[in-house]
Amino acid sequence: MIKIAENTIKRLIVYKKELNRLKAEGKKFIYSHVLAALSGSQPHLVRRDLMAVGYSGSPAHGYSVKELESSISDFLCSSRQVKVILIGIGNLGRAIIDYCHKQNPKIAISSAFDIDPNKINKEYHGVYCFHIDTARNYVIENEIKVAIITVPDSEAQTIATALSDAGIRGILNFTPGRLRVPENVYVENADMMLYLEKVIYFVQNV
Ligand code: NAD
């Protein structure tokens, strides 16, 4: 398998988002320099990234928005639908469930897990919440590979270790701490404060 740079993946995700928006607006074709401008990228990078995807549309007449969006979408996620689980259905967990199911039909939060008896055996935005003790079997039986962690920081490492042992290969971690996981598990840390601090820095220094 050809290894694609992380920055290329980040740009492709942004292109896909822009193409989705253009598709909804009824736009049929787009030139690389326009897609670059909309995505904060460069025309030569757009063309190179699209070659990595294997998209063979003609840049001379502009790319087909629909075909390009579909090619990038298939490249980023080859499965028809990826099932993801969420651990910790508190304030953030519920907001993520609500956000996710509206964003990408290829990504489905199939179940949530919590430790609080008041939250277990209930449905949140169509996602059923089970006891955390059942998560291991659920992951194994349903061959789940991706998890979102939104529990208190003190619980995150134990959960990450248990999920990795059960077969999880990718974690989106919203807790402030850094997780120690085996090498074959990819962790992405998401922290809203990092973005806010960046914005504040630029507001004060630009
Ligand atoms: P919350 O208290 O509302 O929710 C936490 C949930 O985890 C609760 O439902 C609780 O019952 C559950 N839980 C606790 N221990 C558990 C366990 N062992 N197994 C399964 N579930 C368990 O908290 P919140 O405001 O939703 O925040 C959740 C996490 O996200 C915290 O770590 C917080 O620091 C972090 N957070 C991150 C960001 C960000 O931008 N990255 C933003 C807000 C909050």
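Working from Cα pairs under 8 Å separated by at least six residues, relative contact order for the range 82-194 is 23 percent.
Which semi-axes, in whole Å and largest first, does the equivalent ellipsoid of the range 19-123 have when worked out from the alpha carbon gyration tensor as the square roots of 5 times its eigenvalues? Don't skip to the answer; put the middle values down first.
On the way: eigenvalues 276, 35, 28 Å².
Over the Cα atoms of the range 19-123, the semi-axes work out to 37, 13, 12 Å.
For the chain, the C-alpha radius of gyration divided by 2.2 N^0.38 Å, with N the number of residues, is 1.16. Counting only the Cα atoms, the range 82-194 fills a convex hull of 101 Å³ per residue. Per residue, the convex hull spanned by the Cα atoms of the range 108-172 amounts to 88 cubic angstrom.
For the range 6-74, dividing the convex hull volume of the Cα atoms by the residue count gives 72 Å³ per residue.
Selection among ILE72, GLY177, ALA108 by position relative to the dipole of the chain gives ILE72 as farthest towards the positive end (Cβ unit charges, Cα centre). Based on DSSP H segments of at least four residues, each scored -39500 (n - 2.57), the chain has a per-residue ellipticity at 222 nm of -15000 deg cm²/dmol. Extension gain for the segment VAL203 to ASN20, taken as residue separation times 0.36 nm less the Cα-Cα distance, is 62.9 nm to one decimal. Helix 91-103 versus the longest principal axis of the chain: what angle, 0 to 90°, nearest 10, using Cα atoms? Result, in degrees: 40.
A simple packing score, the average count of other Cβ atoms within 10 Å per residue, orders the peptides 121-130, 27-36, 143-152 as 143-152, 27-36, 121-130, with the highest score first.
Tell me the angle of helix 65-76 to the major Cα principal axis of the chain, expressed in degrees between 0 and 90 and rounded to the nearest ten. Taking Cα atoms only, the helix is inclined about 40 degrees. Between the Cα long axis of helix 43-53 and the first principal axis of the chain there is an angle of about 60°, rounded to the nearest 10.
Taken together, the values in this text are just the output of simple stated rules run on the coordinates, not laboratory data. Note that the coordinates shown come from a computational prediction; the quantities given were computed from them, not determined experimentally. Every residue, glycine among them, receives a Cβ derived from its backbone with ideal geometry; neighbour counts consider all protein chains shown.
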